[in-house]
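Remarks on the structure that follows.
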Amino acid sequence: MLTETNSRRAVVAALIVAAGRGLRAGGDLPKQYRALAGRPVLAQALTPFLADAAIDHVMVVIGPGDEARYAHAVADLPTGKLLPPAQGGATRQDSVRLGLQALAATGFGGIVLVHDAARPFVTAALMRRAVDALQGEIAAIPALPVTDTIKRLGSDGRVAETPPRDTLVSVQTPQGFHFQALLAAHEAAATAGLSGFTDDAALMEWAGHPVKTFPGDPANVKLTHPQDFDRSQGAPLHVRVATGYDVHAFGDGDHVWLGGVRIAHDRGVLAHSDGDVALHALTDALLGALAEGDIGTHFPPSDPQWRGAASTQFLAFAAGRVRQRGGRIDFLDLTIVCEAPKVGPHREAIRAAIAAAAEIRIDQVAIKATTSERMGFTGRGEGLAALATATIRLPEPE
């Protein structure tokens, strides 16, 4: 039974809906099988789910006759989590129901994330937000605030109403649900002959279940029209590179924070926050690439709210600013300089913590450590330092 892991957490399955024809996107292939930056859209949508430890199983719902296209799309992907594909139906709603029934046939009974294959820019952070949002909830969906004014039209084509913008959101996938509740709602709707639901949250609302929202990701766009492919492949993103540097003196204590990891040591550091030189240097490197000041600009040490603060939130803020400006982080490189503690035993944990805070893959993070050969303040064991380089891409302002 696929219901529970060895750690007794609920098993999480991702159901990727890839049965549509995608006619509005143009081209000779359904959009989920078209190439984007040299790889099928479906392969790009699947990669984060297959790579993330929070996802236990992945099933794709494909259209009739798409078996060869599907096999080509997944040929280079790791298949350990990938269940055999399910056959979809005439509508998205039919396809999700058939996929859920195929999952049920495996004995699955945990949490399911339903995601559209036409959203290839999904991140591990968004997936984990979906899972976390289900604590104490039966359904949770990613939502973004609406920035345009929305009008509701009457039957005559004239404006009938302008709803308050602060009450509106646009929603994305992956949408998270308790599996049995979603399956029951889909089967009840099918029995009732109802087929007009545009997403699974609407179906759950119809079934009487409350639906929670959590922050979506502006970069998690859906490929719908031909120009969406043009923008995604040809958007003029320009490379920016910047560096960051931080240093802290040792003081009394029994640990230091490095790259979001607590490391036992016979000294602590003198700092206003948690004194994580690695994350401070990386934060400054990202803010430098954005030309948005430095860490002290946004988190001044004179402000008592940052006393003892976890520096992961500083890095998350800077990484979020990159995404808010329509950019992406290509690579973070970090060098830690100290005689002690030894960084090597903690290298992979630090890489993972940085990747999680910045919402990037772990292979986009490099960690190096060195001493200063007993020279200078680090050589004398008076403190430690970090140097960072951030490589990002941003659209040029018009």
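Go ahead and collect, in residue order, the members of the stretch 181-216 whose backbone nitrogen is under 16 Å from a label point 7 Å along the Cα-Cβ direction of GLN101.
Within reach of a label on GLN101, which here means backbone N under 16 Å from a point 7 Å along Cα→Cβ, the stretch 181-216 contributes 182-195.
What ranking, highest mean first, results for peptides 119-127, 164-172 when packing means the other Cβ atoms within 10 Å averaged over each residue? The partial results should precede the final answer.
On the way: 119-127: 21.8, 164-172: 13.1.
Listed from highest to lowest mean packing, they are 119-127, 164-172.
Assuming R0 = 51 Å, what is the FRET efficiency of THR147 and ALA340, from their Cβ-Cβ distance, to the nearest 0.05? List each step's numbers first, then the result.
Working: r = 50 Å, r/R0 = 0.98.
Efficiency, from the Cβ-Cβ distance: 0.55.
Kindly report, to the nearest 10 Å², the accessible surface of ARG128 as traced by a 1.4 Å probe over protein heavy atoms only.
About 110 Å², ignoring ligands and nucleic acids.
Along Cα→Cβ, 7 Å out, is where each label goes; now give me the distance between the ones at THR213 and LEU29 in nm to one decimal.
3.5
What is the stretch 326-373's relative contact order, in percent, from Cα pairs under 8 angstrom and six or more apart in sequence?
Working: 49 pairs, mean separation 26.4, N = 48.
With pairs under 8 Å counted, the relative contact order is 55 percent.
Would you mind getting me the FRET efficiency between THR91 and SER170? Use the beta-carbon distance for r and R0 = 22 Å, nearest 0.05.
Values: r = 21 Å, r/R0 = 0.97.
The value I calculate is 0.55.
Determine the gain in length on full extension of the stretch THR243-ALA181; use 0.36 nm per residue of separation and subtract their C-alpha separation, reporting nm with one decimal.
Numbers: separation 62, 0.36 × 62 = 22.32 nm, distance 4.94 nm.
Full extension of this stretch gives 17.4 nm more.
Please list 244-252, 328-336 highest first by mean number of surrounding beta-carbon atoms within 10 Å per residue. Let's see the in-between values first.
Details: 244-252: 17.4, 328-336: 19.9.
The densest-packed peptide leads the list: 328-336, 244-252.
Restricting to DSSP H runs of at least four residues, report the calculated mean residue ellipticity at 222 nm for the chain, -39500 (n - 2.57) per run over all residues, nearest 500 deg cm²/dmol.
Working: 12 runs with 118 residues, N = 398.
About -8500 deg cm²/dmol.
Can you give me the distance in nm between label points at GLN135 and ALA188, each placed 7 Å from the Cα along the Cα-to-Cβ direction?
About 2.8 nm separates the two model spin labels.
Dipole magnitude of the stretch 81-224 about its Cα centre, charges +1 at Lys/Arg Cβ and -1 at Asp/Glu Cβ only, in debye to the nearest 20? Don't skip to the answer; put the middle values down first.
Details: 12 positive and 13 negative charges, 50 e Å.
With Lys and Arg at +1 and Asp and Glu at -1, about 240 debye.
So if R0 is 35 Å, what FRET efficiency would SER372 and ARG328 give, r being the distance between their Cβ atoms, rounded to the nearest 0.05? Show your work: numbers first, answer last.
Values: r = 34 Å, r/R0 = 0.97.
Efficiency computed from Cβ-Cβ geometry: 0.55.
Using the C-alpha atoms of the chain, what convex hull volume per residue, in cubic angstrom, is computed? All intermediate terms of the calculation are to be shown ahead of the outcome.
Values: hull volume 73.1 nm³, N = 398.
Here the figure is 184 Å³ per residue.
Please compute the alpha carbon radius of gyration of the stretch 42-201, then divide it by the globular-protein estimate 2.2 N^0.38 Å. Two decimals is fine. Mind dumping the intermediate values first?
Details: Rg = 17.5 Å, N = 160, 2.2 N^0.38 = 15.1 Å.
Taking the Cα Rg and dividing by 2.2 N^0.38 Å, one obtains 1.16.
Between HIS225 and ASP294, what is the label-to-label distance in nm when each label sits 7 Å out along the Cα-to-Cβ direction?
Placing both labels 7 Å beyond Cα along the Cβ direction yields 4.5 nm.
Could you report the accessible area of GLU348 in Å², rounded to 10, computed with a 1.4 Å probe on the protein chains as they sit in the structure?
Counting only protein heavy atoms, the figure is 100 Å².
The values are calculated or read from the model by the stated rules, or taken from the named source; none is laboratory data. As the structure is a prediction and not an experimental result, all values here were calculated from the model. Every residue, glycine as well, gets a Cβ built from its backbone with ideal geometry; the counts of neighbours run over all protein chains shown. Side chains included, ligands, DNA and RNA excluded: accessible areas come from the protein's heavy atoms. Shrake-Rupley method; radii C 1.70, N 1.55, O 1.52, S 1.80 Å.
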